[in-house]
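Take a look at the structure below.
The values are calculated or read from the model by the stated rules, or taken from the named source; none is laboratory data. None of the values given here were measured: they were computed from a predicted structure. Here Cβ is always computed from backbone atoms with ideal geometry, including for glycine, and neighbour counts include all displayed protein chains.
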Amino acid sequence: MSAHDPREDRRKQVGLACNEDVRRVYIDPADIARLQAVADFSYRAFSGVSDLLVAAARDPDAEAELAEFAATLDALVVCHGAPLVSSDVLDQAPSLSLVGELEGDRFGLRLDVSAAQRRGVRVVDTSNGSSWPTAEWALGLALVGLRNAGALFRRIINHEPSFVLSNLRSGPGFDRAELRHKRIGMIGFGHVARCLVDLLRPFEVDVRAFDPFVSRELAEAYDVGFATLDSVLSADVVFVLVPHTPTTEGMLGAAELDLLRPGSVFVNVSRGKVVDTTALIARLERGDVVACLDVFDPEPMPLDSPVADMSNVFLSPHVAGVTEESRRRFFSLMVDDCLRHFAGIEPWFELTPELVRLRTSPRSRGAQSSSP
């Protein structure tokens, strides 16, 4: 008979390391209460430099403080302000079995994911908490684009004479302007795309997606057809849903944008750097497609950018995923995965070294990566 491990008798210990703004804005007391049903919860404030897209700088003093905080924890959750969860931190926290990042965009920039894997510590990233509002905004932009509502709004705010409704018989916003039964193209089939598919179901659309890396079993589960990038770009509405990685940067250039068919709608709610800006401007200047852009390269958009004056463009300032609900959802999803983990169930939002490499390593242009 194996010896009884006394650690099995004690309550689990979960700690959160981040700055005060995250604790105030992201953490719902109701989720802490859910967690405290099975674990003790503690918080430690850190005020390091925070940037979603830049790896946490090595700070020996901050890491030593984090190691002291994590020494008796079973799960450590980090977010903005926290130092790197390095191999040194992991070495001094023998009880850790899970580390999590609330908003790391699945790049592992505050976590040494490989070191965690070597120690048998699961890693969770719940950045997909913003997928739901991003999908909702993408749907809204598609509807705006199909009706060319940006151009109509410009006319009103420019105090131009109202058009006579009976004279509107053709053109953008009239021809094929309903979403129902349209062909939809999705570049990337990660969390945002899957949320968007659910929102599109009432419109009975035909969804085709380009994503070389996700499981092909998703085709049946979500009733989508995986296709080539060329095929996806020829849809009635094209959604750009891939993250910005070394592979996806500039993946949509002049040749790809030329495949957009006249009368189609181009929606980008991912990252501006995925699209070549010069090529995008040139394509939009032809005036035969409508673009709805929540992101742009560079950001913020230059005030003198020609895109700002194009009647076939609708713009929003990178707000698709920014809601109070999504901020709270990051921690709520993390609590869900902590509870699964403590119950002996695999977490839903695990981050592995393979997924990190997929997002950070350059690959051939023939296989662009999507959000895992």
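List of remarks:
- When the test is whether a residue is modelled with pLDDT under 95 and either in the same structural domain as residue 109 (by TED's automatic domain parsing) or small (Gly, Ala, Ser) (or both), residue 57 passes it.
- Restricting the range 50-64 to residues that are within 20 Å of residue 88 (Cα to Cα) and not acidic (Asp, Glu), the residue that is surrounded by the most Cβ atoms within 10 Å (Cβ to Cβ): 56
- Checked against (1) under 20 Å from residue 27 (Cα atoms); (2) assigned by TED's automatic domain parsing to the domain that holds residue 265; (3) charged (D, E, K, R), residue 155 passes all but a single condition, namely (1).
- The one condition in (1) within 23 Å of residue 283 (Cα to Cα); (2) at pLDDT 95 or above; (3) touching a strand residue (DSSP E or B) at 6+ places or on another chain (Cβ under 7 Å) that residue 172 fails to fulfil: (2)
- Qualifying residue in the range 54-74 (condition: under 22 Å from residue 273 (Cβ atoms), in contact (Cβ under 8 Å) with a residue 24 or more places away in the chain and among the aromatic types (Phe, Trp, Tyr)): no
- Taking the criterion of being part of a loop (DSSP other than H, G, I, E, B) and either surrounded by 13 or more Cβ atoms within 10 Å (Cβ to Cβ) or of a type in the set (D, E, K, R) (or both), the residues of the range 34-49 that qualify are 38, 46, 47, 48.
- Among the residues of the range 97-114, the ones that are among the β-branched types (Val, Ile, Thr) and more than 19 Å from residue 245 (Cβ to Cβ) come to 1 in all.
- Of all the residues in the range 113-124, those that are within 15 Å of residue 355 (Cβ to Cβ), surrounded by fewer than 21 Cβ atoms within 10 Å (Cβ to Cβ) and touching a strand residue (DSSP E or B) at 6+ places or on another chain (Cβ under 7 Å) number 1.
- Residue within the range 249-263 that is within 23 Å of residue 203 (Cβ to Cβ), surrounded by 15 or more Cβ atoms within 10 Å (Cβ to Cβ) and in contact with a Phe, Trp or Tyr (Cβ under 7 Å, 6 or more places away or on another chain) present: yes
- Residue 127 being in contact with an Asp or Glu (Cβ under 7 Å, 6 or more places away or on another chain), surrounded by fewer than 24 Cβ atoms within 10 Å (Cβ to Cβ), closer than 25 Å to residue 331 by Cα and of a type in the set (S, T, N, Q): yes
- Filter result for residue 31 (surrounded by 13 or more Cβ atoms within 10 Å (Cβ to Cβ), over 20 Å from residue 329 (Cα atoms) and among the charged types (D, E, K, R)): no
- Restricting the range 85-101 to residues that are in contact (Cβ under 8 Å) with a residue 40 or more places away in the chain and surrounded by fewer than 24 Cβ atoms within 10 Å (Cβ to Cβ) leaves a set whose member that is farthest from residue 341 (Cα to Cα) is 95.
- Every listed requirement among (1) under 28 Å from residue 359 (Cα atoms); (2) touching a strand residue (DSSP E or B) at 6+ places or on another chain (Cβ under 7 Å); (3) outside any strand (DSSP E or B); (4) not aliphatic (A, V, I, L, M) is met by residue 212 save one, (2).
- When 356, 307 are checked against the criterion of being in a helix (DSSP H, G or I) and either at pLDDT below 95 or of a type in the set (Gly, Ala, Ser) (or both), a single residue qualifies: 356.
- Candidate set: the range 26-54, residues that are β-branched (Val, Ile, Thr) and at pLDDT below 95; chosen: the one farthest from residue 80 (Cα to Cα): 54
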